[in-house]
Each structure stands twice: as structure tokens, then as C-alpha cells.
1. For N140, are the conditions met, namely being in contact with a strand residue (DSSP E or B) (Cβ under 9 Å, 6 or more places away or on another chain), within 21 Å of L103 (Cβ to Cβ) and either aliphatic (A, V, I, L, M) or more than 10 Å from the ligand (Cβ to nearest atom) (or both)?
2. So, in the range 33-46, exactly how many residues are outside any loop (DSSP other than H, G, I, E, B), of a type outside the set (S, T, Y) and modelled with pLDDT of 95 or more?
3. Have a look at P195, P201 and point out the one that is more than 12 Å from the chain's Cα centre (by Cα) and modelled with pLDDT of 95 or more.
4. Confirm whether V133 is of a type outside the set (G, A, S), closer than 18 Å to N194 by Cβ, touching a strand residue (DSSP E or B) at 6+ places or on another chain (Cβ under 6 Å) and more than 10 Å from the ligand (Cβ to nearest atom).
5. Testing S147 on (1) within 18 Å of N319 (Cα to Cα); (2) modelled with pLDDT of 95 or more, one condition comes back false. Which one is that?
6. When you go through (1) more than 14 Å from the ligand (Cβ to nearest atom); (2) at positive phi one by one for G14, which number turns out not to apply?
7. Applying the selection to the range 22-43, what residues are of a type outside the set (A, V, I, L, M), near the ligand (Cβ under 8 Å from one of its atoms) and either touching a helix residue (DSSP H, G or I) at 6+ places or on another chain (Cβ under 9 Å) or within 13 Å of P77 (Cβ to Cβ) (or both)?
8. Against the definition (over 18 Å from the mean Cα position of the chain (by Cα) and over 24 Å from S132 (Cα atoms)), how does N35 come out, yes or no?
Amino acid sequence: MRDIDKSKPVLVTGGSGYVASWIIKMLLEKGIDVNATVRDASDSKKVDHLTALAKASTGKLNLFKSDLLDRGSFDEPMRGCELVIHTASPFFITGIKNPQEELIRPAREGTRNVLESARRNPTVQRIVLTSSVAAMYGDNADIALTSDGIFTEKEWNISSSAEHQPYSYSKTIAEKEAWTIANEQERWDLLTINPGWILGPSLSKRKDSMSIGAMIRFGDGTYKMGVPELWNGIVDVRDVAVAHIKAGFTPEAGGRHIVVTGEATLLDLANILRKHFGDDYPFPRKQVPKFLFWLIAPMHGFTRKYASRNVGIPIKFDNSYSKKDLKISYISVEQTVREHFQQILDDGLLKSPIRM
Ligand code: NAP
């Protein structure tokens, strides 16, 4: 049981990211001060929305420059904090040339770096780590390894490696490292938030976040020939932010938390978009046969093993623990998708409609 003092600043790592920006907004609006770490505080595209949020809120924002691979760079921003929310981690799944250096080392060493700062800092009481359902499974085919055909917090990803699904591997070993370090001491406790695929409106106009890029591709014609039958657990970015904050400030909360609203295929998402935005955009209308996707997968940055072990395999998540432990009531997938695409249009991230 850790009762976090709300008058102390909360450290949020990766402050300029898609998820962290919502966490920071909600904390500032509650009047809670935030120490946010960013890689480049002079990059206005990454920080202007944060400074604007701070101006409109009662909480105070302090920006610090930290890098996951720069040992000790989280010491100063963590000073005086009881709660640490560690979201920073490289997030991309295609175009990876050196998985070790691009994903695995920053995820694992970065987590170690942040948690070692906490070990040196006597004020820290609780750490909330942004993990992922990717730490619970690597491929959709792993659903066959579960006892009841549903992913729960008991599961660990045992199928990913540096060669196959390296992002999922990076999240798995980073979370394992965090539990190892947490279990070596008793001053602070660790909670993890394990979201599915996060969608929903972004607070910045950045396009380089995976979630934003994917939603733009639904509307820019990239998928107009069709999408593979890929099932994902979906969750709204605002629910993910709420989950982190409740995890931080609910003394009796603990453990890992699957944070997923429901499951959907890529075509389900396209159908929601068509329902709300009509035929002005080239949203996909059909699913590409599995054998065809398997054949062309390498041209789209996926391996054939990925196609074999994921396409056409439905998955299911048990979100009952997050509802019980963190009292989350989830935004519907339909609302999430609609409001995300609307934000992309409002922010001019997608140029004029391409008629079908
Ligand atoms: P994002 O917008 O790309 O944010 C990633 C953040 O990590 C950025 O702030 C980035 O800094 C920071 N970062 C990356 N490498 C770093 C390094 N070497 N040193 C310091 N900071 C570094 O993506 P996101 O969706 O918000 O992801 C946030 C967290 O959620 C990640 O841990 C991700 O694994 C997890 N997650 C995301 C999803 C999803 O669908 N989006 C699902 C499950 C879990 P810059 O701003 O400087 O680039």
C-alpha cells in the first residue's frame, strides 16, 4: 500500500510521446506538478503542446532532458518525486535494421536506468511502467498456449526474440527486468500497465508515433487494395492515461494490468471509419487472402513467419482485472476510432480527400 502525496511532482518519462502527453495533461489538470523528461526540449514539434497544456492548467510543468541510454540522466528529474510513470521506450515494428540497438538495448537499459535512479532516490514510493500486451504474447498463434483461449495477466511472451517480433521482445525483457529490480527492494512498488494497440486523438501534430501513422494510412490510400485479417486488442489513449494515473494514486492497486477495450480486425476499424466519414477517403473494403499477404509480406516490412503466425488468428483479452483494480470504464472502439480520425483531419495531418 503506497499513498502518494499529490503535492509532490510526478515524474513522467518520454513526456513528448503520444501516451505520455495525455498522462501529463490529466495530471496538470488535477493540479499535480509534473517533471517530464524529453530527449530534445528545443524541438517545438515535440514540446509546444506540453507547454500550452501547462499554461491552461493549475499544475506546474518542468521539462528535463534525459535519454534512456544516458546513465543517471533521470536522477535530477526524479528528485522529490514519490511517483514515477515510465513510458519512454522505442516503439516501431517495421523497418528495423538493428533490433538490438534500435529496440532491445534502449528498452532494457532504459528501464534499468530509470529504476536505478529510483533506487538512489529516497522519496520514490511507486513506479508505474508502461509495458504492453506484447509482454504477454508475441504472435496471435500464442493464444493456443493459454489455458482458456484468452490472454490474462498470468501470461508471458515466450515466442519473441531479437530475430522475430523484436519490439515485443524488447517490451518483454524490459518488463521482466523491472520486476527483478522491484523485487530486490521494498521501498517502492511496481505496477505495470499492459495496453493493447492504442488509438484515439493525439494531443500533438506529430506523425511519427506508430498509432498516429497507422490511422493516417487508413485514410491516405495505403490500404486501399485491402488489409490482412489481423486481430488486435484495441484501447483508447485516454483510457491508457487514466489507467496510469489510477495505478499511481490507488494505494491498494498492484500487479500487471491488461488495458484493452475489445478486439477488432483492421477491416472492422475501416468499417467504423467508412460509417462515420463516408466514401471520401480510400478506406479498405476487403481482406487480402492470407496466402497473398504471406507472399507480399516482406515488401511491407513483415516476415513470412509473422504472416503465418498472425493473419487469420483471432485473439481475446481478459480486461476484468483492470476494471476491478483500477476502476476503469472503457471508451468504445467506435468512439476511439471516430475521434482519432477526426483529430487527424482537424490537425491537417491528412491532405484533401482522395475520391474512390
Ligand atoms: P511514442 O509517441 O513513439 O512515444 C515513445 C516515447 O519514447 C517518445 O517520447 C520518445 O521520445 C521516447 N523514447 C524513445 N526512445 C528513447 C530514448 N532512447 N531515450 C528517451 N526517450 C526515448 O509512442 P507511444 O505510443 O506514446 O508509446 C509510449 C509507451 O507505450 C511505449 O513504452 C510503448 O512501448 C507503449 N505502448 C504503446 C502502444 C501503442 O499502440 N501506441 C501499445 C502498447 C504499449 P521522443 O519524443 O524524443 O521521440
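1. On the way: in contact with a strand residue (DSSP E or B) (Cβ under 9 Å, 6 or more places away or on another chain): yes; within 21 Å of L103 (Cβ to Cβ): yes; either aliphatic (A, V, I, L, M) or more than 10 Å from the ligand (Cβ to nearest atom) (or both): yes.
The answer is yes for N140.
2. Here is the first cut: in the range 33-46, the ones outside any loop (DSSP other than H, G, I, E, B) are 34-38, 44-46.
Pick out the ones that are also of a type outside the set (S, T, Y) and you get 34-36, 38, 45-46.
Subsequent filtering for residues that are modelled with pLDDT of 95 or more retains 34-36, 38.
Residues that pass the stated criteria total 4.
3. P201
4. Values: of a type outside the set (G, A, S): yes; closer than 18 Å to N194 by Cβ: yes; touching a strand residue (DSSP E or B) at 6+ places or on another chain (Cβ under 6 Å): yes; more than 10 Å from the ligand (Cβ to nearest atom): no.
Against the criterion (of a type outside the set (G, A, S), closer than 18 Å to N194 by Cβ, touching a strand residue (DSSP E or B) at 6+ places or on another chain (Cβ under 6 Å) and more than 10 Å from the ligand (Cβ to nearest atom)), V133 does not qualify.
5. Every condition holds for S147 apart from (2).
6. G14 satisfies all of (1) more than 14 Å from the ligand (Cβ to nearest atom); (2) at positive phi except (1).
7. Answer for the range 22-43, where residues must be of a type outside the set (A, V, I, L, M), near the ligand (Cβ under 8 Å from one of its atoms) and either touching a helix residue (DSSP H, G or I) at 6+ places or on another chain (Cβ under 9 Å) or within 13 Å of P77 (Cβ to Cβ) (or both): T37, R39, D40.
8. Working: over 18 Å from the mean Cα position of the chain (by Cα): yes; over 24 Å from S132 (Cα atoms): no.
Against the criterion (over 18 Å from the mean Cα position of the chain (by Cα) and over 24 Å from S132 (Cα atoms)), N35 does not qualify.
The values are calculated or read from the model by the stated rules, or taken from the named source; none is laboratory data. This one's a predicted model, so the numbers in the text were calculated from it and none came from an experiment. Note: ideal-geometry Cβ built from the backbone for every residue, glycine included; neighbour counts use all protein chains shown.
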